[in-house]
Amino acid sequence: MFDISVFSDPNTWVSLLTLTFMEVVLGIDNIIFISIIVNRLPKDQQGRGRTIGLMLALLFRIGLLLSITWIVSLKEPLFTINLPFLAADHGVSGRDLILFAGGLFLLAKSTTEIHTKLQGEEESHEAGNYSSFARVIVQIILIDIVFSFDSILTAVGLVDNVLVMILAVIIAMGIMLIFAKMIGDFVNQNPTIKMLALSFLIMIGIMLVMESFHQEIPKGYVYFAMFFSLGVELLNLRLRKKVPPVELRDSRFD
């Protein structure tokens, strides 16, 4: 099924490294979301939730890579609508619907998380831990689907060999598994970083909704804004290291 002789070509290795780097960059928002959502679980389940979330993302990406023909077909318009803020009729494809739904989900989830942290509303934990774990996994699955489409469409645009794509995704996911706990702990231990991460997710949600209407925002601008804001906040953390940080309400189990 796969021709491994392509790895005798140096260009294949360059493509593999490039795509792996892109997959890691595109996976940062997924790690942020997973880190925040698994924080609602008991501490002894957070590691398992984080690992399951990332492994599901890996399975979705590999499954989609093996269905590239179907992925490409999702870009074909299903129907056309006329919107006043668009110059021409807008053809709505399956990809557009997925991006729109995923963007709204991110916006709603991130806004709710910010409201919970600032207002201090407690979640109802009358249900058992297993149902709570299931709810978290379902939310991770929903957002993994959206992020997987974004990741795979990028891969298809950069490389034309499915084996190279799959290897890049596996390597990138391995890197993310190694650093996911470190990133998650850092985000959860620093309330201002957590709020910044939630703001990033809102920005990504807006970007997904706009992309569903074919209004492309260069991702370079988005990631530059994210890393610039993060850099400024890291400097602020160093300046405030002798001052107790602001405590935000945490809704996870104790």
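I need the calculated FRET efficiency for the pair M210 and R135, taking r as the beta carbon distance and R₀ as 30 Å, to the nearest 0.05. The formula returns an efficiency of 0.55 here.
Taking 7 Å steps out from each Cα toward its Cβ at R48 and A225 produces label points 3.9 nm apart. Close amide H partners of V92, meaning residues 5 or more places away or on another chain with modelled amide H under 5 Å apart, are L78, F79, T80, I81. For I170, the shell of other residues with beta-carbons less than 13 Å away shows a net charge of 0, using +1 for Lys and Arg and -1 for Asp and Glu.
Between V25 and D9, the contour length at 0.36 nm per residue exceeds the alpha carbon distance by 3.2 nm. When T80, T116, T18 are compared by accessible area of protein heavy atoms, the largest-first order is T80, T18, T116, using a 1.4 Å probe. Summing Lys and Arg as +1 and Asp and Glu as -1 over all other residues whose Cβ lies under 14 Å from the Cβ of R48 gives a net charge of +3.
Summarising the label geometry, the points placed 7 Å from Cα in the beta-carbon direction at T111 and E233 lie 2.0 nm from one another. Given a Förster distance of 30 angstrom, what is the FRET efficiency for L17 paired with I81, based on the Cβ-Cβ distance and rounded to 0.05? The calculated FRET efficiency here is 0.15.
The values are calculated or read from the model by the stated rules, or taken from the named source; none is laboratory data. The structure presented is a predicted model; accordingly, all values stated were derived computationally and were not measured. Neighbour counts run over all protein chains shown; Cβ positions are idealised from the backbone, glycine included. Remember, those area values only see protein heavy atoms, side chains included, never the ligands or the DNA or RNA. Shrake-Rupley method; radii C 1.70, N 1.55, O 1.52, S 1.80 Å.
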